[in-house]
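To start, the structure under review is shown below, and the notes come after it.
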Amino acid sequence: MKKIFIFLLFSDRFFLFVLGLIFSYYILSPFALNFFSTYSDGLVESTLSIKQYFDFYIKLMFSTGIGFQIPIILVILGKSKLVTSNQMLSQWRYVIIICSIAAAVITPTTDPVTQLITCLPLIGLYFLGVFLTKLSEN
């Protein structure tokens, strides 16, 4: 049983990381790049080098992939009996604040749309993690 749990844990980690990469590449990055290209339109010339462009994508995709690991972390905490799903659920207000701060750190832009696009999946992943922890407790 433990071998199956460990296999599922690692396969789920990989799946969620790749899902975070896909989300970052297809949804988050276009909004961020659109903000950069339209910010101060006509006032500042945009000169983004290839290195800066790839650094931007790599940092954004890696941090989003890490952020998508939230359900796995919550299940591990639940399985190790450090917290219960009810304790996690009772702290939802703080989670929204923390996810908002994390979204502000992850996104390279200051526009609220990109931060909201980052924040909502983090909150959803938290509640998915609480749900999976509840299932694993039974």
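The values are calculated or read from the model by the stated rules, or taken from the named source; none is laboratory data. Remember, it's a predicted structure, so these values are computed and weren't measured experimentally. With ideal geometry, Cβ positions are generated from the backbone for all residues, glycine too; neighbour counts draw on all protein chains shown. Please note that ligands, DNA and RNA were not included when accessible areas were found on the heavy atoms of the full protein model with its side chains. Shrake-Rupley method; radii C 1.70, N 1.55, O 1.52, S 1.80 Å.
Somewhere in the stretch 37-52, is a residue closer than 26 Å to residue 10 by Cβ, part of a helix (DSSP H, G or I) and at pLDDT below 90?
No.
Are any of the residues in the stretch 114-121 modelled with pLDDT of 90 or more, surrounded by 16 or more Cβ atoms within 10 Å (Cβ to Cβ) and within 13 Å of the chain's Cα centre (by Cα)?
yes
Can you tell me which residue among 72, 58 is surrounded by fewer than 16 Cβ atoms within 10 Å (Cβ to Cβ) and either at pLDDT below 85 or in a helix (DSSP H, G or I) (or both)?
From the options 72, 58, the qualifying one is 58.
Kindly indicate the residue of the stretch 16-35 that is loosely packed, with under 15 Cβ neighbours inside 10 Å, out of contact with any helix residue (DSSP H, G or I) (no Cβ under 7 Å at 6 or more places or on another chain) and modelled with pLDDT under 90 and also nearest to residue 121 (Cα to Cα) among those meeting that condition.
Once the filter is applied, the top-ranked residue is 30.
Considering only residues that are of a type in the set (A, V, I, L, M), open to solvent by less than 50 Å² (accessible area, probe 1.4 Å) and within 16 Å of residue 124 (Cβ to Cβ), which ones fall in the stretch 84-113?
Once the filter is applied, which keeps residues that are of a type in the set (A, V, I, L, M), open to solvent by less than 50 Å² (accessible area, probe 1.4 Å) and within 16 Å of residue 124 (Cβ to Cβ), the stretch 84-113 yields 88, 95, 102, 103, 106.
Starting from the stretch 72-83, take each residue that is within 21 Å of residue 123 (Cβ to Cβ) and list its partners that are open to solvent by 50 Å² or more (accessible area, probe 1.4 Å) and of a type in the set (Lys, Arg), counting only C-beta distances under 7 angstrom and pairs at least six apart or across chains.
Partner pairs satisfying both residue conditions: 72/13.
Among the residues of the stretch 80-113, count how many are at pLDDT below 90 and of a type in the set (A, V, I, L, M, F, W, C).
Residues in the stretch 80-113 being at pLDDT below 90 and of a type in the set (A, V, I, L, M, F, W, C): 6 in total.
For the stretch 122-138, give me the residue count where each residue is surrounded by fewer than 16 Cβ atoms within 10 Å (Cβ to Cβ) and polar (S, T, N, Q).
Residues flagged as surrounded by fewer than 16 Cβ atoms within 10 Å (Cβ to Cβ) and polar (S, T, N, Q) within the stretch 122-138 amount to 2.
Every residue in the stretch 87-138 that is assigned to a loop (DSSP other than H, G, I, E, B) and not hydroxyl-bearing (Ser, Thr, Tyr), please.
Matches in the stretch 87-138: 91, 108, 111, 138.
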